[in-house]
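A short write-up of the structure that comes next.
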Amino acid sequence: MAEVQTATFGAGCFWGVEAAFRKVPGVISTEVGYAGGNTKNPRYEEVCTGRTGHAEAVRLLYDPDVVTYRELLATFWSIHDPTQKNRQGPDIGTNYRSVIFYHTPDQKQIAAQSKEELERSGRFKRPVVTEIVPAMEFWRAEEYHQQYHEKHGGAGCRLI
């Protein structure tokens with residue numbers, strides 16, 4: 001097995017994003033949390049105000065011998081609308097923004113290429129507004145948010 005890699009994505013409500021990535025062969029583990037903000041150890045109620053700057057995000061560990069970063073990006077693009085700024089469906093706010101948090105220069109390059117290819121594909125009529133930013137400190141969300149769909153039979157937010 002190759003060295004395990006880390007990827008972090010924000011695509012709206014983290015419950016559905018985590019559930020989608022947990023189905024991808026090669027994803028070893030997932031955790032939901034908060035990334036990209038300026039408050040240390042934020043709590044869900046704080047993040048929801050939009051004042052912490054965090055996005056709801058999913059950090060995953062994956063085996064690159066089984067799934068590539070490009071394949072993870074394909075999943076990311078397929079589970080949300082990357083043309084909506086600071087919202088996904090009924091969820092509105094900067095905490096629901098579309099964002100790729102890259103961990104390596106290779107991830108940054110692959111993410112930028114993937115976004116450019118998506119924009120050129122004509123799949124969306126509006127511009128892709130997904131941010132591609134360096135991974136910062138990731139704050140694990142409260143335990144009741146972890147694997148929420150599995151714990152609650154799929155209840156909660158849904159993806160497109």
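Taking region 125-155 as the range and being modelled with pLDDT under 95, surrounded by 15 or more Cβ atoms within 10 Å (Cβ to Cβ) and part of a loop (DSSP other than H, G, I, E, B) as the test, the residues that pass are Ala141, Gln146, Gln147.
Selection of first residues in region 26-42 that are over 14 Å from Glu137 (Cα atoms) and of second residues that are assigned to a strand (DSSP E or B) and of a type in the set (Val, Ile, Thr), restricted to Cβ pairs under 7 Å at least 6 apart or on distinct chains, gives the following pairs, ordered by first then second residue: Thr30/Val58.
Yes/no matrix, rows are residues, columns are (1) farther than 21 Å from Gln146 by Cβ; (2) modelled with pLDDT of 95 or more; (3) surrounded by fewer than 21 Cβ atoms within 10 Å (Cβ to Cβ):
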| residue | (1), (2), (3) |
| --- | --- |
| His54 | no, yes, no |
| Arg59 | no, yes, no |
| Asp65 | yes, yes, yes |
| Thr83 | yes, yes, yes |
| Gln88 | no, no, no |
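Of all residues in region 1-38, exactly one satisfies the criterion of being of a type in the set (Gly, Ala, Ser), modelled with pLDDT under 95, touching a helix residue (DSSP H, G or I) at 6+ places or on another chain (Cβ under 6 Å) and farther than 17 Å from Leu61 by Cβ, namely Gly12.
Give me the residue from region 95-124 that is of a type in the set (Ser, Thr, Tyr) and surrounded by 19 or more Cβ atoms within 10 Å (Cβ to Cβ) and, out of that set, farthest from Glu45 (Cα to Cα). Of everything passing the filter in region 95-124, Ser114 is farthest from Glu45 (Cα to Cα).
The values are calculated or read from the model by the stated rules, or taken from the named source; none is laboratory data. The structure displayed is predicted, hence computed values, not measured ones. Every residue, glycine among them, receives a Cβ derived from its backbone with ideal geometry; neighbour counts consider all protein chains shown.
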